[in-house]
Structure formats: structure tokens, C-alpha cells
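So the structure is just underneath, and the comments pick up after that.
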Amino acid sequence: MSTAVSTRLQRLASRISRRKMISEMDDLLQTRLKRSLSTFDITLLGIGHMIGSGIYVISPEAARKAGPACVISYVIAGIASMLAALAYAEFAVRFPRAGSSYSYVYFSVGEFVAFIVGWNVLLENTLALSIVAQTCGAYIDSITNYVVSNFVRENVGRLVAMPAHSVNTSRSGITGLVTYLNTEHQFLVLVLMAVFVVIVLLKASRTLLVGNVLCGLSICLLIIIIGIGIFKGNFYNWTNSNTGGFLARGWQGVFKAASICFFSYGGFDAISAAAEEAKDPRRSMPIATIIAMLIVTMLYTAVAGCLTLLRNWTQIRMTDGFPEAMNYNGIYWAQYIITAGALCGMTAVAVVTLYTVVRISFSMAEDGLICPLFAKISKRSQVPQYSTLMFAGFSALVAMFFNTDTTVDMLSIGTLTAYMMVTCGLISNRFTGTSNLSALRLRYFRRFESHLSIIFNQRTYIFSNLIIIILTSFGMSFFIQGLWTDSTYGSPILLSLLLVTSTILLAVLQEVPDPYQSYKMPLMPWLAVVSLVFDSVLISTLPSVTWIRFLVWLTIASFQCRYASRTFSKAGLA
């Protein structure tokens, strides 16, 4: 009996941890997709995925959570995202596949964790696409003085009832935006989603051309908004002691705002998702990643700063923060620039988001972890057409029947989880390589190697230390937030010592040389551990209800993974 149970557990562990194996770099450069994207294309792809609804939706919310210090929140989120992006770039150079974080975790950690990451990324992008469609539809309706919504309400009827007093036809064009989301905009959502599908079903180079044009226009309009904020802003809004000054909500507010700012930066994985269509992924991936992240961080920080300079943070409205701030300062014409910038940015985000989710589902279907239909591509355009249609349709349904109250938190927790798993995978890959090497190998303190080998192999040694690092980071976060008090400060000191010790234990490992790796994340494992600490601290600030929803989603994913692993998985054939 015990032998049978032991055998089953061993099989389960083997199935969960089995990795996708690649023997030569040439195998990874071969693809059914067309390699047609330059470094410039991929850079604008990443910027286009990050610059969009995040600025217009998240900036007012971040300002309300942190006050003027939301600029620090954007910097913190930007640093954490940059560290994660460096890990993504190393993986994209070594494994230039379309699956982004899913593929990287599959190569480095194992099938089960990879499926969980891929499942979350598909959810994130689907929710993001639905949010963009809702918001974009609301903007279009608002600038036409609600002509579309009034027509639908009077002639077609409404799918969701809304009180009459919610209607707002003010000339500002943006007031009542959130109230109108998910009401009469179903028709606009369907039309917009159809437009997004048509663009994405073009050849990848043409899709990216449309996205590049929209991205360029959006950046130009943002620069105008920043210029207005610099010349018309009032620094008294940052120093006013009656409203708390610059750090109005303290560092706790800064970190809470930083956790939601990840919705704004979460699009950089579009860069790595395009690796399978890059002309020269070894060169393009790191360059595009670093340039895109630097540009976006500067733009986000500047725009958030301008918003809090133009309007006191206590008076910034969630629904129309930027237009209302401009009107308050007598700059009435600026609302048209904001609306144009929002539409350009959100359309670019929608196109790139749909592009990304289709490429990730293509990779998962190629590996046999979801329905093979998602891997079928059009002979004419070499684009996964069925996947495009199905995800666009599902996003349209979500946008038509669900609101956006909790989706931002769900997006943040999914994004942060993917960041953490990719970083853990990178550390594992750097010290174990692509083979199944198991012997513990130390670079320093070699005399302890034989003793430690009795307890650990290379992978268990690595992941044991990573678990300690993540748990201690959570503990430090709880202390920072005041959820865990210790008047002697002994607990945070102990946690800090554990964190440093675990990092040192990783640093003494012998790296596995890789002749195909032309770019590596610097200061390994120190920068990678800093990235894990950032991600752990920020993810712990999210509401408990978000964690509950996330755990329910993971439970569903576990059952789906078990079915797909037994039915379709190709890992055992590698």
C-alpha cells in the first residue's frame, strides 16, 4: 500500500516538475510564425502596451491613495518592473518563443507552475482588453454628448438597468465615465472589438505599424499634457500642510499606490511575447526592453506629478481626473487633447493586448496544455486566427456584462505573481541550465558541498532558499504596513538576516555556462532577489478579497492543468 502511494506521489511530482527541454539554439529560432519585427517595432510595441488606459484610469486612483507622493509610487513600481523586465529580457534572448512568462517558467521551473502562470496571463490580458474596450467606448460616447448611448437606450433597450439620475450629459465630455461603463456601451464594445480583431488578423508587421502610429500620437499628446502641467501647475498642492503635504498618506499609502501602478507597467511582457517574430531576438529583446521601460517610467512619473500639481490630491476625481484638473485651471481646450490621447493610447493598448494574449495561447496550445485549436494559424497572414476570434469574443462578453470595480486588483496580483515566478525561474535556470543536472555545485566553500549534497540537490537547494526569501519579504511587508508590531524591532532584524543569508547561499552556487546566452541580467542573484522583495511587498498590500478570488482562479487552473497534462502535454516527448 505504502509503495503504491509512494509511486503515485513520485509520478505526480515528476509530472508537475517536468520541464520543456531544448537541445540547440537553432531549435528555438525555428518557428511557424514569420520573423519580421525590428528592434524599433518591438520597442514601440512595449511602449504601446504600457502607455494607454493606465495613465488615465490609474493615475487619479494612485493620487487618491498616496497623495502627491504617487510620483514615488510610480518610480517604485517602475524599478520593480524594470528588474522583472531584465529577467524577461534574458529569457527572451535564450528562449525566443511567443509564450513570454509562460514559456520561460516552462523551460526553467516546470509544467505545473508554467501552466498556472500562463493561465493567469491569459486572464490578465482578457480582463485588460475588456477594461480598455469599456473605457474606450465610454470616451467615444462622452465626446459625442452621449448620442450612442441615448440612441441605444431609446431604440434598442439596455442590457443592464441603470437609474435615470446616473445620466450626465455635461459638456466636459468625461464626467460620469465610470457610471456609464457597462451600460449602453455594449454596441460600441462590439464594434470596437471587431475593429481590434481586424487589425490583429493582419500580418504582424502591419498590426505593429498601426500600433506604432497610435503609440507615437499618444506620446506626443502626453508630452503636451506634461508641458501644460509644468507651466500651469502649483507647487503649493505638494506642500499644503492642511492636506498632509507631499507624503499625505505616508509610506503605507505610497506602497499601496505602487501595487496598483503595476497595471500601468504590466504591458512590457508584450516585448518578450514578440520574440518569436523578431528578426534578431538576441539583439532586439534587451535593447527594446530597457528603452521601453525607461521611457514609460519617465512619462508615467511626469504625468502623475503634473496631475497633482494642477489639482490638490483631495479634490482629484476618479472619473475624470485629468479633464477636470485642466478645467479647474481654466485650460478648457486641453480636454480635447486628453480625449484624443486617451483614445489613441487605449486603441494601441487594445491591439497589443490582443496580439499578446493570442501569442501566449498559441505557445500553450503548441505545448499541448490547452486546446490545439488555439495553435492553428492562417496560411495567408501567418496569424493564429481562431485564437484571435475566441479571445476577442470572450473579452467582449466580459466587457458587456461585468464592471471594472475589482479587475484592476486582479490584474495586479496576476502580474506580480508572473513576475515572481519568472524571476525564480531565471535564478533556477542560471544555476541549473537547460539540462536535468541535479548534483549540488558550489563556487565557494567547496568543502561543504559533500555534506549539503546529502540533503539537497541543486534545484531543491535553490527553491528552498527562494521560498525563505519570499516568506521573509512578506513578513517585512506586514511589519511596514503595521499589520505586525514588534516594539523591540527584533523580528524585522531577524527577517533581514534571513533574507541576506538566503541570498548569500544562492550567490555561492556555481553558474552553468551557456554558449548561446548573449545577454545576462547583471549582479545575479542580488538584483533578482531585490526584484522578488519588491514583488512580495507590493503583492501583500492588495485587498484580502482579491486574494480569495485569485485562489479560486488558481483552483480552477489546477484541475484544468491536471486534465491537459494527461491528455495533450508534449513535455514527456521532448
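Some observations on this one:
- Lone qualifier among Ala248, Ala258 - being surrounded by 19 or more Cβ atoms within 10 Å (Cβ to Cβ), in contact (Cβ under 8 Å) with a residue 60 or more places away in the chain and assigned to a helix (DSSP H, G or I): Ala258
- Any hit, the range 287-300, residues being more than 24 Å from the chain's Cα centre (by Cα) and not aromatic (Phe, Trp, Tyr): no
- Members of the range 230-242 found to be at pLDDT 80 or above and in a helix (DSSP H, G or I), listed by number: Ile230, Phe231, Lys232, Tyr236, Asn237, Trp238, Thr239, Asn242
- Residue in the range 43-51 that is in the same structural domain as Met293 (by TED's automatic domain parsing) and surrounded by fewer than 24 Cβ atoms within 10 Å (Cβ to Cβ) present: yes
- Scope the range 352-384; condition part of a loop (DSSP other than H, G, I, E, B) and among the hydroxyl-bearing types (Ser, Thr, Tyr); matching residues: Ser378, Ser381
- Residue that is part of a helix (DSSP H, G or I) and surrounded by fewer than 24 Cβ atoms within 10 Å (Cβ to Cβ), where the choices are Phe91, Phe112: Phe112
- Candidate set from the range 313-360 (those that are surrounded by 24 or more Cβ atoms within 10 Å (Cβ to Cβ) and of a type in the set (D, E, K, R)); member that is farthest from Ser241 (Cα to Cα): Arg359
- Residue in the range 95-111 that is closer than 30 Å to Cys306 by Cβ, out of contact with any Lys or Arg (no Cβ under 6 Å at 6 or more places or on another chain) and in contact (Cβ under 8 Å) with a residue 40 or more places away in the chain present: no
- Number of residues in the range 262-280 that are of a type outside the set (D, E, K, R), more than 11 Å from Thr415 (Cα to Cα) and assigned to a helix (DSSP H, G or I) equals 5.
The values are calculated or read from the model by the stated rules, or taken from the named source; none is laboratory data. Because the structure is predicted, anything quoted here is derived from the model rather than measured. No Cβ is skipped: glycine too gets one built from the backbone with ideal geometry, and neighbour counts run over all protein chains shown.
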